[in-house]
Every structure is written in C-alpha cells, then in structure tokens.
Amino acid sequence: MVLGAAARVAIVGCRRLVSSSHAPLLVSSQSRQMSTDARSVSEKLRNSGLLRTQGLIGGKWIDSYDKTTIKVNNPATGEIVADVACMGVKETNDAIASSYEAFQSWSRLTAGERSKVLRRWFDLLVAHKEELGQLITLEQGKPLKEAIGEVAYGASFIEYYAEEAKRVYGDIIPPNSSDRRLLVLKQPIGVVGAITPWNFPLAMITRKVGPALASGCTVVVKPSELTPLTALAAAELALQAGVPPGALNVVMGNAPEIGDALLSSPQVRKITFTGSTAVGKKLMAAAAPTVKKVSLELGGNAPSIIFDDANLDVAVKGTLAAKFRNSGQTCVCANRVLVQDGIYDKFAEAFSEAVQKLEVGDGFKEGTTQGPLINDAAIQKVESFVQDAVSKGAKVLLGGKKHSLGMTFYEPTVIRDVTSNMIMSKEEIFGPVAPLIRFKTEEDAIRIANDTIAGLAAYIFTNSVQRSWRVSEALEYGLVGVNEGIISTEVAPFGGVKQSGLGREGSKYGMDEYHEIKYICMGDMNRQ
Ligand code: NAP
C-alpha cells in the first residue's frame with residue numbers, strides 16, 4: 001500500500017508503527033500465533049463493547065483526523081490485538097477545548113453530585129473487573145490474577161475519591177483586625193493533562209482521574225501507546241456512569257506532540273505524569289513557560305534491606321513480592337537487595353529456592369506468576385545489566401538469560417556479590433533480576449541505600465522496633481515498608497523524594513494536588 005504524505009508523517013510520529021521491538025513483521029510466524037485463550041478473550045471483549053479503538057473527545061469516540069492508527073500487541077505472543085487511533089496535536093487541542101468547556105459546569109456541581117457519578121464509575125469498574133483484567137493481560141502481559149488485582153486496586157481510588165469529594169474543607173482564620181473576616185477556599189485547579197505509563201494501564205490513570213474529577217477538575221488523559229485499550233475501556237465505563245462529555249477525554253498516539261500540546265496550552269493548569277525520570281524532567285521544564293502545577297511519579301531504585309535479626313521467612317516472602325510483581329516492572333520494585341553479612345548466605349539460598357518456584361508463562365495460563373517483559377528493548381536492557389554485573393565479578397545463582405519460551409520472557413534471576421560499581425546498583429532494572437549486595441553495619445546499609453538519585457520506595461526487614469524507627473527515618477525515600485513488600489493502598493500517600501518525583505497520589509494528600517488555595521479577606525462594608 002502506498003501511503004499519502006500526511007499519513008507517512010503521522011506514522012513516523014506514532015513510534016509503534018516503526019518500532020522494531022514491536023513491528024509484527026519482525027516476530028516469527030510461530031510466535032505470532034495467539035493462544036486460544038487470548039483469541040477468545042479478545043473476541044469476547046470486542047462483543048462486549050469494551051474493546052474501544054478510537055479516542056474520546058468531548059464525549060464522542062473518534063478516529064485520528066488523518067485516519068492513522070497504532071498497533072497494540074500482546075507481548076506474550078507478538079500478535080496484534082487492535083489498531084487504535086494515532087492522535088497528535090490537533091486532536092489534543094480539541095480535547096483540551098472540550099475539557100475547558102466541561103470544566104465550567106462540572107466544577108460547579110456540588111461535591112455530592114460529583115461523588116455520585118464517581119461512585120457509579122467505581123461500581124461499573126468492579127462489575128467489569130474480569131474483562132478489564134483480561135484487557136490488561138492482553139496488552140501488558142501480567143498474569144490474569146494480578147491483572148484483576150490491578151483492577152480492584154485501580155477502582156479503589158475512584159471509590160476513595162468519591163467519598164473524599166465531600167470532605168474538601170476550607171478554613172476560617174482568626175482575623176488580624178476586628179472589622180475583617182479571613183477565609184480560605186479550596187477550588188479545583190482547572191483542566192488537567194494526565195500522562196501515564198504502560199506498567200499499570202488502569203491504576204496509574206485512576207490515581208489521577210479520581211481526585212481530579214472529585215475536586216471538580218476535568219481531564220485529558222494520554223495513556224501509553226503500548227497499553228491504550230484498558231484506558232479506553234475505563235473511559236467507556238466512565239461515560240456509562242454519567243461523567244459528562246468533555247470531563248474525561250482520552251487521546252493517544254504521538255507522545256511528544258500530545259505532550260507539547262498539553263504543556264503549551266494556557267488552558268491546561270496542571271500536568272500529572274507517571275513514567276520515567278528522563279521524560280518527567282523534560283515535561284517539568286516544558287511546563288515552565290505557562291507556569292503549570294506539576295506532579296511527577298518517576299522511576300525508583302528501591303533497596304530491600306535484610307538485617308541479621310530479620311525473620312528469614314518474612315524477608316524472603318516480602319522481598320519476593322517487592323521484586324517480582326509484574327515481572328519486576330514496577331517503580332517500587334526492589335531493585336537492590338542489601339543483605340547483612342550474618343544472614344547473607346542463608347538468605348541467598350532461601351530466596352533462590354523461592355524464586356525457582358515462580359512460573360513463567362502467558363498471563364492467561366493458569367498458574368503463571370511471571371508474564372513477559374513489555375518489549376525487546378526491555379529484554380535488551382536486562383541482558384546488558386546482567387552482562388555488566390557478571391563481567392565485574394557478580395555470580396548468577398539462578399536464571400540469567402532469556403526464557404526458553406522465547407518472545408520477551410526472561411528467567412527469574414538471582415545474582416550474588418553485586419557491588420556498587422555495577423549498573424544494576426545504580427539504575428532501575430525493570431525486570432525479574434534480583435541483585436544481592438552484602439553489607440556489614442546498619443550505617444553501611446543506610447549509606448548504600450541512600451546512594452542514589454532516586455527516592456521512591458524502600459523496604460527493611462528486621463525484628464527490632466528501635467532499628468525499624470531509626471532506619472525508616474534515615475532513609476531518603478517517600479515510602480518505607482517495614483517487614484512488608486507490598487505497601488501501596490488508596491488510603492496512604494504514594495510518591496517519591498529526590499529525583500523520583502513531586503507530589504503524592506492516594507489518600508487525603510492526593511486531593512491537594514488538584515486544588516488551588518484562595519484567600520478571601522472580607523472587610524466591613526459599613527466602615528467609614
Ligand atoms: P515513559 O517512557 O516515561 O512513558 C510514560 C508516558 O510518557 C507514556 O505515556 C509515554 O508515551 C509518555 N511520553 C514519552 N515521551 C513523551 C514526551 N516527550 N512527551 C509527552 N509524553 C511522553 O515511561 P514508561 O516506560 O512508560 O514507564 C516506566 C517508567 O515509569 C519507569 O521508570 C517507572 O519507574 C515509572 N513509573 C513510576 C511510577 C511512580 O508512581 N513513581 C509508577 C509507575 C511507573 P508512549 O508510551 O505513548 O510513548
């Protein structure tokens with residue numbers, strides 16, 4: 001097929017069509033076979049109306065204006081699941097305009113009215129948790145059980161903020177003069193641009209859209225081009241719940257174009273981003289000319305610190321969960337496992353035994369606990385980190401190579417004798433590789449843990465209450481798990497320090513990100 005000039009330009013913009021890591025033609029014909037499960041799931045989803053492929057602008061489902069599309073692949077098989085609209089600057093500008101218009105009425109509803117709509121959305125998300133979970137597994141690859149868990153987690157933010165909408169209080173301040181009254185109002189900030197990653201296709205959206213809509217803001221969401229289907233299905237359910245046209249828009253496709261349109265628009269008053277630190281920094285700089293409020297949830301380099309006095313079982317289970325969830329592709333994944341001298345060998349053995357039991361496979365297969373990595377680039381990154389560590393003296397205890405299943409499956413891996421000069425100690429691995437680093441004293445552990453530009457999550461395993469407090473307070477991290485490997489919940493604030501980000505999501509603190517504070521000084525009108 002010969003493409004017109006406009007289409008060619010747009011296709012170059014939509015990286016997915018030219019990305020070698022995804023191009024279906026580069027996938028072997030054997031690996032392109034979609035599993036029977038995946039095929040029947042995608043047919044069922046199509047029939048249910050939840051497999052949406054157009055963008056949502058002003059309450060209408062629309063194609064990209066130049067009719068170009070992006071291919072969404074199943075990372076477990078390489079097969080194309082759907083072609084979705086590949087949008088850019090024009091569609092984004094229209095989405096912003098519709099969001100701005102919707103803001104005028106949505107922000108004037110009572111909190112109770114907004115709350116009811118959000119509650120209905122929550123109920124629909126829960127009612128469709130199986131289909132949404134299937135969509136997540138299809139486009140992102142995580143095991144179905146874990147995907148359905150993400151739906152429950154993602155939906156919990158909508159429920160929480162449906163409730164929290166009614167608790168946005170202002171203040172009355174004791175005045176500095178008897179003929180004045182001083183008031184503080186919290187008002188919705190306006191149109192919000194929300195840019196989200198592929199590793200939690202639903203939850204990273206609901207953590208932003210929940211508090212934004214609850215506050216009275218309206219939103220333009222840009223999901224990752226790798227996982228737009230879950231976002232579109234969630235938006236369909238939002239429409240069914242009564243979220244009015246324009247209050248929630250979804251555009252996907254050419255990320256830099258969409259990002260530029262959101263960042264340069266004076267009508268967009270806030271950018272909320274979850275993704276890599278590199279892109280976050282770019283967005284932060286680009287938000288400066290229009291002085292937008294910015295929230296950033298960026299990359300991590302989490303230490304999981306196992307002290308000699310830890311309960312071995314608890315430390316193994318907690319670190320396993322923190323490391324291998326989503327095949328190691330979460331921002332809070334344990335990236336470095338710091339183990340004290342006295343327990344190092346015992347831990348290495350027990351941990352390797354536990355890792356060996358993980359089941360790698362297609363997320364639709366019963367019993368799978370480890371799905372594929374998202375793409376070839378992710379595999380290459382993991383391979384190069386492992387090579388670097390081994391070349392500098394680290395020893396592979398388990399795994400250490402691509403899985404025999406092929407595609408983007410990687411063996412769950414444990415590496416010992418990792419040191420701070422190896423790349424995997426410094427950068428996010430984002431894959432199923434657990435590096436074990438030895439330390440001697442508590443001071444050493446704190447120094448090694450804090451020796452990074454990241455500051456998102458950290459975990460410590462100890463039976464000493466005093467040490468729990470001391471180390472938790474000394475860690476330069478936004479989140480600390482003590483004898484716990486999975487700590488994120490809608491009722492607690494989630495976010496990083498240092499170069500892991502700005503702002504918090506979840507809890508009452510997450511609501512503040514979507515408000516402006518207005519001070520009103522009321523003088524006495526009868527004053528002479
Ligand atoms: P990414 O490459 O930074 O992409 C994140 C989002 O930004 C995607 O929607 C992407 O679009 C978009 N994007 C990329 N370049 C852009 C640009 N120039 N302008 C505007 N948007 C742009 O990150 P990722 O690989 O998807 O996600 C993995 C990263 O996210 C990891 O570092 C992880 O730690 C971090 N993360 C952090 C948290 C947290 O809460 N702190 C949670 C989850 C993930 P396309 O995908 O369409 O290109």
Among the residues of the range 377-401, what is the count of those that are more than 13 Å from P432 (Cα to Cα) and buried (at least 19 other Cβ atoms within 10 Å of the Cβ)?
3
Residue count for the range 385-419, restricted to those that are within 16 Å of the ligand (Cβ to nearest atom) and of a type outside the set (A, V, I, L, M, F, W, C):
1
Please state which one of T137, T110 is of a type outside the set (A, V, I, L, M, F, W, C) and buried (at least 24 other Cβ atoms within 10 Å of the Cβ).
T137
For the range 248-262, enumerate the residues that are within 16 Å of the ligand (Cβ to nearest atom), within 16 Å of K208 (Cβ to Cβ) and surrounded by 23 or more Cβ atoms within 10 Å (Cβ to Cβ).
N249, V250, V251, M252, I258, L262
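Output yes when any residue across the range 205-217 is touching a His at 6+ places or on another chain (Cβ under 7 Å), hydroxyl-bearing (S, T, Y), crowded, with 24+ Cβ neighbours inside 10 Å and in contact (Cβ under 8 Å) with a residue 40 or more places away in the chain, and no when none is.
Scanning the range 205-217, I find at least one residue that is touching a His at 6+ places or on another chain (Cβ under 7 Å), hydroxyl-bearing (S, T, Y), crowded, with 24+ Cβ neighbours inside 10 Å and in contact (Cβ under 8 Å) with a residue 40 or more places away in the chain, so the answer is yes.
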For the range 288-297, does any single residue satisfy the condition of being in a loop (DSSP other than H, G, I, E, B) and touching an Asp or Glu at 6+ places or on another chain (Cβ under 6 Å)?
no
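Determine whether I158 is within 30 Å of V291 (Cα to Cα) and either of a type outside the set (G, A, S) or buried (at least 19 other Cβ atoms within 10 Å of the Cβ) (or both).
Values: within 30 Å of V291 (Cα to Cα): yes; either of a type outside the set (G, A, S) or buried (at least 19 other Cβ atoms within 10 Å of the Cβ) (or both): yes.
In short, yes.
Go through the range 61-80 residue by residue and tally those that are in contact with a Pro (Cβ under 6 Å, 6 or more places away or on another chain) and part of a strand (DSSP E or B).
Taking the range 61-80 first, the residues in contact with a Pro (Cβ under 6 Å, 6 or more places away or on another chain) are 75-76, 80.
Filter once more, keeping what is part of a strand (DSSP E or B): 80.
Matching residues across the range 61-80 total 1.
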Starting from residues that are more than 13 Å from Y410 (Cβ to Cβ) and more than 20 Å from the chain's Cα centre (by Cα), keep the ones in the range 367-384 and report whichever is nearest to the ligand (Cβ to nearest atom).
T368
May I ask you to list the residues in the range 189-203 that are under 23 Å from R167 (Cα atoms) and surrounded by 24 or more Cβ atoms within 10 Å (Cβ to Cβ)?
V191, V192, A203
Pairs only if they're at least six apart or on different chains, beta carbon under 6 angstrom, first in the range 414-429 and more than 14 Å from P303 (Cβ to Cβ), second at pLDDT 95 or above and part of a loop (DSSP other than H, G, I, E, B); list them, first residue then second.
I415/A394; D417/A394; M422/K392
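Here are A235, A288: which of them is out of contact with any Ser or Thr (no Cβ under 9 Å at 6 or more places or on another chain), closer than 15 Å to G154 by Cβ and more than 7 Å from the ligand (Cβ to nearest atom)?
On the way: A288 fails: closer than 15 Å to G154 by Cβ.
Criteria check complete, one pass: A235.
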Is there any pair with a first residue in the range 295-307 that is charged (D, E, K, R) and within 16 Å of the ligand (Cβ to nearest atom) and a second that is part of a strand (DSSP E or B) and at pLDDT 95 or above whose Cβ atoms are under 9 Å apart and which are 6 or more apart or on different chains, and what are they?
E297/T272; E297/F273; E297/T274; E297/F494; E297/G501; E297/L502; E297/E505
Any chance the range 360-371 includes a residue that's over 30 Å from I136 (Cβ atoms) and at pLDDT 95 or above?
no
F364 passes all but one of (1) within 16 Å of the ligand (Cβ to nearest atom); (2) crowded, with 19+ Cβ neighbours inside 10 Å; which number fails?
(1)
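Condition (residue is away from the ligand (no atom under 16 Å from the Cβ) and under 16 Å from S156 (Cβ atoms)) applied to the range 498-508: is it met by at least one residue? Walk me through it before giving the result.
Taking the range 498-508 and keeping what is away from the ligand (no atom under 16 Å from the Cβ), we get 508.
Retained after the next criterion (residues that are under 16 Å from S156 (Cβ atoms)): 508.
Yes, that holds for at least one residue.
Could you please let me know if P245 is touching an Asp or Glu at 6+ places or on another chain (Cβ under 7 Å) and more than 9 Å from the ligand (Cβ to nearest atom)? I'd like the intermediate steps shown before the answer.
Numbers: touching an Asp or Glu at 6+ places or on another chain (Cβ under 7 Å): no; more than 9 Å from the ligand (Cβ to nearest atom): yes.
Considered against the rule, which asks whether it is touching an Asp or Glu at 6+ places or on another chain (Cβ under 7 Å) and more than 9 Å from the ligand (Cβ to nearest atom), P245 comes out as no.
Would you check if P303 is touching a Pro at 6+ places or on another chain (Cβ under 8 Å) and either crowded, with 21+ Cβ neighbours inside 10 Å or at pLDDT 95 or above (or both)? Outline the logic, then answer.
On the way: touching a Pro at 6+ places or on another chain (Cβ under 8 Å): no; either crowded, with 21+ Cβ neighbours inside 10 Å or at pLDDT 95 or above (or both): yes.
So P303 does not fit the description; no.
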Cross-chain or 6+ apart pairs with Cβ under 7 Å, the range 126-142 first and on the phi > 0 side of the Ramachandran plot, then of a type outside the set (V, I, T) and crowded, with 24+ Cβ neighbours inside 10 Å
G141/P75; G141/A76; G141/G363; G141/G371; G141/P372
Considering residues that are more than 10 Å from the ligand (Cβ to nearest atom), more than 26 Å from K508 (Cβ to Cβ) and among the aliphatic types (A, V, I, L, M), the number found within the range 193-231 is 1
Hits in the range 164-188 (condition: surrounded by fewer than 15 Cβ atoms within 10 Å (Cβ to Cβ) and either within 14 Å of Y509 (Cα to Cα) or β-branched (V, I, T) (or both))
R167, Y169, I172, I173, V184
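The values are calculated or read from the model by the stated rules, or taken from the named source; none is laboratory data. Worth saying up front: this structure is predicted, and the values here are computed from it rather than measured. Here Cβ is always computed from backbone atoms with ideal geometry, including for glycine, and neighbour counts include all displayed protein chains.
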